Amino acid sequence: MPRLLPFFPAIFVVLWSTGFIGARYAMPHAEPLTFLVMRYVLALAILVLLALTTRAPWPARGPALHAMLAGVLIHGAYLGGVFLAIRHGLSAGITALVVGLQPMLTALFAAGFLNEPIRPRQWLGLALGLLGVGLVILPKLGTGAGGYSAATLLPAGVAVLGISIGSIWQKRFVGGVDLRTGTALQYLGALIPTLIGALLTETMVVDWTGELVFALVWLVFVLSIGAIFLMLTLIREGAVSSVASLMYLVPGVTAIMAYGLFGEALSLIQLVGLVIAGVGVAAATHRRRSAAPVPRDIGGPSPRGAEGV
């Protein structure tokens, strides 16, 4: 596992970017919260089965509640907010621009609550990343009705705050929980408010087509399990602000995928934005080598703590 860790950021960005492609396939056939309920239920069932068959340890009540709250924020608030904003008329470009504030917010929260130092080079990287995201989505800003209203901007704001605070919560309170059981509890936490929202606001009618089934299977296994496992591992192993900066690459990678799959236009300015975002992420995630290794207390526990998230 340690040998593969350097490849995790690139794999995470590619997998996370496919989520927007999967949503495009699924949304014509199911309402957003209804689709998320199905996604969470399937992911929860798979993870519980995995935890039981591998005899993964379940956390005590306190850490379990923290894991569920992290799930409410990372999955429920983020995905629910994005889908609701777009459904009520906010253009995809504006939604991406609002969500693009996440790395900046996460860095501020990490500095305040986790005492993670943010050096000038990292601030420069975060600023370049935000500029790159702006260039990538610039061609989309003038398309669509825009949909500026409380019903659209409020869910988008909830989404960006949810994943930012959720990442901090995960790092601060769920660091010692096993990855399998911790992620299962996250989806249980996300499922409860999402199901309530779907019951209150949607018909929950599903058009079972091949596209919907493919999108559901892909998003459950590749995103809800694969990409989330990678993200939680990266949060555990490094600085939260550095992990958040990887999100700057998602709009550009998604634009390239949409160009290949749907024939969407990919302009030169978007490619320039992707390069600038890449430079920003490289600067924000750069870690200086320490002059000497930190000595370990041979008789004490590993400084990483318990295995898991």
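The values are calculated or read from the model by the stated rules, or taken from the named source; none is laboratory data. Predicted model, so just to flag it, every value in this text is computed and none were measured. Cβ atoms come from the backbone with ideal geometry, glycine included; neighbour counts cover every protein chain shown.
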The condition from (1) more than 19 Å from Leu246 (Cβ to Cβ); (2) at pLDDT 90 or above; (3) in a helix (DSSP H, G or I) that Pro59 misses is numbered (3)
Give me a count of the residues in the range 22-56 that are β-branched (Val, Ile, Thr) and either under 22 Å from Val205 (Cβ atoms) or not in a helix (DSSP H, G or I) (or both). 4
Could you please find all residues in the range 100-115 being outside any helix (DSSP H, G or I) and either at pLDDT below 85 or buried (at least 23 other Cβ atoms within 10 Å of the Cβ) (or both)? Gly100, Leu101
With Pro251, Pro193 as the choices, which residue is in contact (Cβ under 8 Å) with a residue 24 or more places away in the chain, surrounded by fewer than 21 Cβ atoms within 10 Å (Cβ to Cβ) and of a type outside the set (A, V, I, L, M, F, W, C)? Pro193
Taking the range 14-41 and keeping only residues that are over 16 Å from Leu84 (Cα atoms), aliphatic (A, V, I, L, M) and at pLDDT below 90, one is left with Ile21
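Considering only the range 13-53, state which residues are among the charged types (D, E, K, R) and crowded, with 19+ Cβ neighbours inside 10 Å. Please lay out each step first, then the result.
Step one: list which residues in the range 13-53 are among the charged types (D, E, K, R), which gives 24, 31, 39.
Correct list: Arg39 only.
Of all residues in the range 13-57, count the ones that are basic (Lys, Arg) and touching an Asp or Glu at 6+ places or on another chain (Cβ under 9 Å).
So the first thing to find is which residues in the range 13-57 are basic (Lys, Arg), and the list is 24, 39, 55.
Those left that are additionally touching an Asp or Glu at 6+ places or on another chain (Cβ under 9 Å): none.
The total comes to 0.
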